[in-house]
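Visitor: After the structure tokens below, expect a handful of questions from me.
The values are calculated or read from the model by the stated rules, or taken from the named source; none is laboratory data. Predicted model, so just to flag it, every value in this text is computed and none were measured. All Cβ positions, even for glycine, are placed from backbone atoms using ideal geometry, and neighbour counts span all protein chains on display.
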Amino acid sequence: MSSKKLLLLLLLFISSTYSVFAQRDTIGLKTIVTKAAQYINAYPIEKVYLHLDKPYYTAGDTIWFKAYVTIDKHQPTVLSNIVYVDIANNQDSIVNLLKLPVINGVANGSIILQPNQYKQGNYHLRAYTKWMQNFDADYFYNKNIAIGNAIQDGVNASISFNPASAGKSNAVITYKQTGGAAVANKKISWTIYNPNGDEIAKGKSNTDANGMVNISLADATSSQLQKGMLTTILDLGERKQKLDRFPLKAAAEQRDVQFFPEGGELTLGIRSRVAFKAIGADGMGIDIKGTVVDNTGAVVADLKSQHLGMGVFAIQPEDGKTYKANITFANGTSGTYDLPRIRPAGIALGVYNNDPDNLNIKLSANESYFKVNQGKSYYIIAQNGGAVYFAAQTTLDNLTYSAGIPKSKFPTGILQLTLLSERGVPLAERIVFIQHNDMLNIALTPDKKVYTTRQKVKLSVSAKNKTLPVAGNFSVAVIDETKVPSDENDETTILSHLLLTSDIKGYIEKPNYYFLSKNTTAVDDLDILMLTQGYRRISYRNIILDRLPQTPLMPEQEGLQITGMLRNNTGMPISKGNLRLQIPSKNFYAETVTDMVGNFKFSKLSFPDSAEIVLNARGNVNSKNLVVSVNGEPYQPATPNINALDKVSNIDSAFKDLLANSKRQYDNTHTLKEVVIKSTSLAKKPSHSDYSALTGLPMMADQQIKGEIFKDCPNLYTCIIGTLLGVTSEDNNLYFSKNISNPNRLPIQIFLNGKPIDYSFLNSIAGRDVETIEVFKTDGLSSINKNYQSDGIISIITKKVEGQKITLAQLQDMLPKGNILNFNAIGYAKTREFYSPKYDALKQGGSFGGDLRSTIYWNPKVKTDKTGLTSVEFFNADGRGTYRATIEGFDTEGNLGRYVVRYTVK
């Protein structure tokens, strides 16, 4: 094998003016690097990370968090001044949305988990900026949050899947009352829907003595299960029936083994590494071992997983042969899997990351490819976060080339290496993780090793960059680990998110393992992870072809804004019109003038959430004929939980101690009052049949959704898609999913209380106002589809408002005045302070054992000065055992840090 150093043309850093330094110039490479630099300058990458006070919660808790918003090497962002944090339930319906001001790259907030609002289950927590909304939502901060509820009486359901005969699975649903008692001997009806909302199977059954019911999935194919939904209705007798929905993807995903050749493809005659990943029915990695054999049965490689079902082996494909892997799983079962296809001619990229100082690159071409492409130029480009740190050119003069690149050229994090032809066509790609161990040296030092309950604790904070003190911005959380135990390997941290998961699409199992372990095994495991994952933030093909992303949303750099248009009553825009804004709650006034086409904008505003805003256009000629309108905000719809595999299936048993503690806390602070029911009456349920415009529709709707599902929805526009089965949106219309690929498709016609409306009108409907929603796939005898050129009907009925008599003057005051607009705007969420009690060592107030806090202390505003030092003080609760203190944060240069310390309370 011959070797030759790569001829460097462009190396080291690309400056803001895109200047480059090289030994020899090539226009092609210059063009690629310059365009890449221009791209990242025009489309900088923002990231958001949330430091939470603890990994999971119970109803009645508060989620305390601090947002770290970064840009360019994880420095505090200078792009966005607002961050959004929302939480969605397991039906992908937004439950809460917070808007927070970002100052010096950080913001802090909280979400109160009201027991009547947060039912027990798994929730999807997201954080993003408006600029990030222009790009793939997979790169948001996404986290699965499990929430238990031991306070609100009700029934909790969990699902598991058991293998049955003929390869089919059974769904086992377990129903338990709050507190853990089984819901025994109750009737249940169930239906399986495909992705289009069509019925696949249905049936009835009863729960057994343990609250369990077994449902056969034999009538559903694997592809139907992949995106199918199981709905169940539990009949509780005198109480309302309980509706649950369960995705069936886990039932379809049986054990599988996937193979990932280094660089992308196997090439005939070239020895290459092949990574593999084995996953079980639950989607998690499982241990395997086996052999790779050719079509003659000869063993060409042995394989064995080394971490979470992942491993690697090497193979050199030979002409005329095919290859399979014979796999044995940990339970003794076996399977055979084909290796990926082998290309007859090509060039391969190999990257070796085991040298602590250098990244070693190897290019290998087979004979047939070399004959056709000998003497041609090839480029290697290495980038991190969109910034190009290394670029080189070589000519194909030999079958193999190798070179070492100093790792000092690259920052810590994921490095993408791409091999391109002289025409700029990507031929192979590999990502590696560069680890310099250059995180901030942070320390939390307790003033004692052992404390007593309710004793004062002082934690000294020290922050250094290597040996030099640094001024940093940090957050500190202290929890009672006896009440909130967790697997640290499974945690999301500032390091695992900003350096790893925020740059990779797809689910990463136990991401913090790669940052906790300091041994060589963890380094090797991380490199195999890189071989099995994809990185697609930057596409050189799109950059070269000038296929730039659409960015309709600009970064929010001027605080809160209110924009709109001033028109006259004929619809004509008013230029240079005067407008006055008032925020009564803040005694704030501002004035502006419309532009030449009637647009207005108020910037740099600051007001609390749901604040009343008054816009006044009276200071104009003929003001009585003017109409003020406000632009709506572009909401980010709920997205599927990419970390759904982190869901806790049986919260009652997993969080048993925390749930019991939560119930005690609630009982200590709430006194139940007796409620006497004097009479009951049966009220007629609202239906489409109440409206003459909907006469002729089928009496039974294909879907009927109770309004209580939407009670926490900010507006129906954002929530309806995640709730209705087989319905999707496109071009501001709703369609049935099965018709979306039909060029002649017709939209679904929406009716609100019997009146036709557009889909966009749902922006003005709050979820709490919805009584029921009915979906009809056909229009029966009504002719609605013919009259409205539609395909299907959705009937939305809102709750009735009790009427009362008013005077004529009151009626006139209620009538809208076009030149005055009153509305409630979404402002900044109210910032709450964490309550940390203070105890007198000589006078212990209150009953001992009454301080049941699981979060002992939370402080999102811990800052070190130029000495790198500070301290925090708080008091322990009444829980005995191990307390865990965690500090996370960064400095102004983007250096990240995290530290965990434990102490004992007796």
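Visitor: Could you please let me know if LEU444 is exposed (fewer than 13 other Cβ atoms within 10 Å of the Cβ), over 30 Å from GLY375 (Cα atoms) and not acidic (Asp, Glu)? Give the steps one after another, and end with the answer.
Guide: Values: exposed (fewer than 13 other Cβ atoms within 10 Å of the Cβ): no; over 30 Å from GLY375 (Cα atoms): yes; not acidic (Asp, Glu): yes.
The answer is no for LEU444.
Visitor: Could you list, in sequence order, the residues of the range 728-748 that are within 17 Å of GLY197 (Cα to Cα), of a type in the set (S, T, N, Q) and part of a strand (DSSP E or B)?
Guide: Scanning the range 728-748 gives THR728, SER729.
Visitor: What's the number of the condition ASP244 fails, among (1) in a strand (DSSP E or B); (2) acidic (Asp, Glu); (3) closer than 25 Å to ASN156 by Cβ; (4) not assigned by TED's automatic domain parsing to the domain that holds SER205?
Guide: ASP244 satisfies every listed condition except (4).
Visitor: Have a look at GLY264, GLY350 and point out the one that is under 28 Å from THR400 (Cβ atoms), assigned to a strand (DSSP E or B) and of a type in the set (Gly, Ala, Ser). So that I can check it myself, show each step before the final result.
Guide: Details: GLY264 fails: assigned to a strand (DSSP E or B).
Answer to the check: GLY350.
Visitor: Can you pull out every residue in the range 183-204 that is more than 26 Å from GLY792 (Cα to Cα) and buried (at least 16 other Cβ atoms within 10 Å of the Cβ)?
Guide: The answer is VAL183, LYS186, ILE188.
Visitor: Considering each of GLN582, GLN533 in turn, give the residue that is within 25 Å of the chain's Cα centre (by Cα) and among the polar types (S, T, N, Q). Spell out the reasoning first.
Guide: Values: GLN582 fails: within 25 Å of the chain's Cα centre (by Cα).
Exactly one residue qualifies, and that residue is GLN533.
Visitor: Quick check: anything in the range 612-619 of a type in the set (S, T, N, Q) and under 30 Å from GLU509 (Cβ atoms)?
Guide: The first filter runs over the range 612-619 and keeps only residues of a type in the set (S, T, N, Q), leaving 616.
Adding the requirement that they be under 30 Å from GLU509 (Cβ atoms) leaves none.
Checking the range 612-619: not a single residue is of a type in the set (S, T, N, Q) and under 30 Å from GLU509 (Cβ atoms).
Visitor: Report, by residue number, each residue of the range 684-729 that is over 21 Å from ILE784 (Cβ atoms), acidic (Asp, Glu) and surrounded by fewer than 19 Cβ atoms within 10 Å (Cβ to Cβ).
Guide: Filtering the range 684-729 down to residues over 21 Å from ILE784 (Cβ atoms) leaves 684-685, 706-715, 717-719, 721-723.
Right, trim to acidic (Asp, Glu) and you get 708, 712.
The one that is over 21 Å from ILE784 (Cβ atoms), acidic (Asp, Glu) and surrounded by fewer than 19 Cβ atoms within 10 Å (Cβ to Cβ): GLU708.
Visitor: With respect to VAL388, is the statement that it is assigned to a strand (DSSP E or B), more than 30 Å from ASN519 (Cβ to Cβ) and in contact (Cβ under 8 Å) with a residue 60 or more places away in the chain true? Walk me through it before giving the result.
Guide: On the way: assigned to a strand (DSSP E or B): yes; more than 30 Å from ASN519 (Cβ to Cβ): yes; in contact (Cβ under 8 Å) with a residue 60 or more places away in the chain: yes.
Considered against the rule, which asks whether it is assigned to a strand (DSSP E or B), more than 30 Å from ASN519 (Cβ to Cβ) and in contact (Cβ under 8 Å) with a residue 60 or more places away in the chain, VAL388 comes out as yes.
Yes or no, residue by residue, for (1) at pLDDT 95 or above; (2) more than 27 Å from GLN75 (Cβ to Cβ); (3) in contact with a strand residue (DSSP E or B) (Cβ under 6 Å, 6 or more places away or on another chain):
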position: VAL461; (1), (2), (3): yes, no, yes
position: VAL470; (1), (2), (3): yes, no, yes
position: ASN473; (1), (2), (3): yes, no, yes
position: VAL478; (1), (2), (3): yes, yes, yes
position: ASP487; (1), (2), (3): no, yes, no
position: THR493; (1), (2), (3): yes, no, yes
position: SER496; (1), (2), (3): yes, no, no
position: ILE504; (1), (2), (3): no, no, no
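Visitor: How many of the residues in the range 99-115 are assigned to a loop (DSSP other than H, G, I, E, B) and at pLDDT 95 or above?
Guide: Residues of the range 99-115 assigned to a loop (DSSP other than H, G, I, E, B): 102, 104-105, 113-115.
Within this subset, residues satisfying the condition of being at pLDDT 95 or above are 102, 104-105.
Residues meeting the conditions: 3.
Visitor: Considering only the range 378-402, state which residues are hydrophobic (A, V, I, L, M, F, W, C) and either buried (at least 22 other Cβ atoms within 10 Å of the Cβ) or under 41 Å from the mean Cα position of the chain (by Cα) (or both).
Guide: ILE380, ILE381, ALA382, ALA387, VAL388, PHE390, ALA391, ALA392
Visitor: OK, next. Taking the range 491-547, which residues are in contact with an Asp or Glu (Cβ under 7 Å, 6 or more places away or on another chain), within 17 Å of VAL900 (Cβ to Cβ) and basic (Lys, Arg)?
Guide: LYS510 - this is the single residue of the range 491-547 that is in contact with an Asp or Glu (Cβ under 7 Å, 6 or more places away or on another chain), within 17 Å of VAL900 (Cβ to Cβ) and basic (Lys, Arg).
Visitor: Now, a different point. Any residue at all in the range 262-278 that is closer than 25 Å to LEU725 by Cβ and of a type outside the set (Val, Ile, Thr)?
Guide: Initial filter on the range 262-278 (closer than 25 Å to LEU725 by Cβ): none.
Checked the range 262-278: no residue is closer than 25 Å to LEU725 by Cβ and of a type outside the set (Val, Ile, Thr).
Visitor: Which of the residues spanning the range 54-98 are assigned to a loop (DSSP other than H, G, I, E, B) and within 30 Å of GLU708 (Cα to Cα)? Don't jump to the end; show me each part of the working.
Guide: The first filter runs over the range 54-98 and keeps only residues assigned to a loop (DSSP other than H, G, I, E, B), leaving 54-56, 59-61, 72-74, 77-81, 89-93.
LYS54, PRO55, TYR56, ALA59, GLY60, ASP61, ASN89, ASN90, GLN91, ASP92, SER93 - these are the residues of the range 54-98 that are assigned to a loop (DSSP other than H, G, I, E, B) and within 30 Å of GLU708 (Cα to Cα).
Visitor: Look through LEU553, LEU531, LEU548 and report the one residue that is farther than 27 Å from VAL621 by Cα, part of a helix (DSSP H, G or I) and outside the structural domain of GLN38 (by TED's automatic domain parsing). Can you show your working first?
Guide: Values: LEU553 fails: part of a helix (DSSP H, G or I); LEU548 fails: part of a helix (DSSP H, G or I).
That would be LEU531, the only listed residue that is farther than 27 Å from VAL621 by Cα, part of a helix (DSSP H, G or I) and outside the structural domain of GLN38 (by TED's automatic domain parsing).
Visitor: On to the next question. Suppose we keep only residues that are of a type in the set (Gly, Ala, Ser) and over 21 Å from ALA701 (Cβ atoms) within the range 776-809. Which one would you say is modelled with the highest pLDDT?
Guide: Our first condition is that a residue be of a type in the set (Gly, Ala, Ser); within the range 776-809, this holds for 780, 782-783, 790, 792, 795, 803, 809.
Filter again for over 21 Å from ALA701 (Cβ atoms), leaving 803, 809.
On the way: GLY803: 62, ALA809: 67.
Only one residue tops the list, namely ALA809.
Visitor: Would you check if ASP338 is at pLDDT 95 or above, exposed (fewer than 14 other Cβ atoms within 10 Å of the Cβ), within 34 Å of the chain's Cα centre (by Cα) and assigned by TED's automatic domain parsing to the domain that holds SER421? Full working, then the answer.
Guide: Working: at pLDDT 95 or above: yes; exposed (fewer than 14 other Cβ atoms within 10 Å of the Cβ): yes; within 34 Å of the chain's Cα centre (by Cα): yes; assigned by TED's automatic domain parsing to the domain that holds SER421: yes.
Answer is yes for this residue.
Visitor: Also: What are the residues in the range 845-896 that are within 24 Å of THR493 (Cα to Cα), among the hydroxyl-bearing types (Ser, Thr, Tyr) and outside any strand (DSSP E or B), if any?
Guide: Hits for the range 845-896 are SER854, THR864, THR892.
Visitor: Across the range 126-138, which residue is nearest to SER93 (Cα to Cα) among those that are among the aliphatic types (A, V, I, L, M) and buried (at least 23 other Cβ atoms within 10 Å of the Cβ)?
Guide: Only one residue fits best here, namely ALA127.
Visitor: OK, next. Taking the range 571-589, which residues are farther than 21 Å from ALA611 by Cβ and in contact (Cβ under 8 Å) with a residue 40 or more places away in the chain? Give the derivation first.
Guide: Of the range 571-589, the ones farther than 21 Å from ALA611 by Cβ are 571-578.
Residues satisfying the conditions are ILE574, GLY577, ASN578.
Visitor: Looking only at the range 282-329, which residues are among the basic types (Lys, Arg) and either more than 22 Å from TYR514 (Cβ to Cβ) or surrounded by 20 or more Cβ atoms within 10 Å (Cβ to Cβ) (or both)? Full working, then the answer.
Guide: From the range 282-329, those among the basic types (Lys, Arg) are 289, 304, 321, 324; that's our starting set.
Selection gives LYS289, LYS321, LYS324.
Visitor: How many of the residues in the range 343-377 are crowded, with 22+ Cβ neighbours inside 10 Å and aromatic (Phe, Trp, Tyr)?
Guide: Qualifying residue count, the range 343-377: 1.
Visitor: For the range 353-372, which positions are within 34 Å of the chain's Cα centre (by Cα) and part of a strand (DSSP E or B)?
Guide: Within the range 353-372, just LEU359 meets the criteria.
Visitor: Among the listed residues SER475, SER517, which satisfies the condition of being among the hydroxyl-bearing types (Ser, Thr, Tyr), over 30 Å from SER653 (Cβ atoms) and surrounded by 14 or more Cβ atoms within 10 Å (Cβ to Cβ)?
Guide: Working: SER517 fails: over 30 Å from SER653 (Cβ atoms).
Going through SER475, SER517 in turn, just one is among the hydroxyl-bearing types (Ser, Thr, Tyr), over 30 Å from SER653 (Cβ atoms) and surrounded by 14 or more Cβ atoms within 10 Å (Cβ to Cβ): SER475.
Visitor: Turning to a different aspect of this structure: Hey, can you tell me all the residues within the range 743-753 that are within 19 Å of GLN789 (Cβ to Cβ) and either among the aromatic types (Phe, Trp, Tyr) or modelled with pLDDT of 80 or more (or both)?
Guide: From the range 743-753, those within 19 Å of GLN789 (Cβ to Cβ) are 743-752; that's our starting set.
Listed by number, the residues that qualify are ASN744, ARG745, LEU746, PRO747, ILE748, GLN749, ILE750, PHE751, LEU752.
Visitor: Could you count how many residues in the range 778-795 are within 15 Å of SER689 (Cβ to Cβ) and buried (at least 18 other Cβ atoms within 10 Å of the Cβ)?
Guide: Of the residues in the range 778-795, the ones within 15 Å of SER689 (Cβ to Cβ) are 779-782, 784, 793, 795.
Imposing the further condition that a residue be buried (at least 18 other Cβ atoms within 10 Å of the Cβ) reduces the set to 779, 782, 784, 793, 795.
Count: 5.
Visitor: Moving on. Return the residues of the range 537-570 that are farther than 23 Å from PRO608 by Cβ, at pLDDT 90 or above and over 27 Å from the mean Cα position of the chain (by Cα); say none if nothing qualifies.
Guide: Residues satisfying the conditions are MET565, LEU566, ARG567, ASN568.
Visitor: Inspect all residues belonging to the range 208-228 and state whether any of them is touching a Pro at 6+ places or on another chain (Cβ under 6 Å) and not β-branched (Val, Ile, Thr).
Guide: Within the range 208-228, the subset touching a Pro at 6+ places or on another chain (Cβ under 6 Å) is 227.
Okay, now just the ones that are also not β-branched (Val, Ile, Thr), so 227.
Yes, there is a match, as at least one residue in the range 208-228 is touching a Pro at 6+ places or on another chain (Cβ under 6 Å) and not β-branched (Val, Ile, Thr).
Visitor: Scan the range 538-570 residue by residue and report those that are within 15 Å of LYS601 (Cα to Cα) and crowded, with 18+ Cβ neighbours inside 10 Å.
Guide: Our first condition is that a residue be within 15 Å of LYS601 (Cα to Cα); within the range 538-570, this holds for 554, 556-567.
Selection gives GLU556, LEU560, ILE562, GLY564, MET565, LEU566, ARG567.
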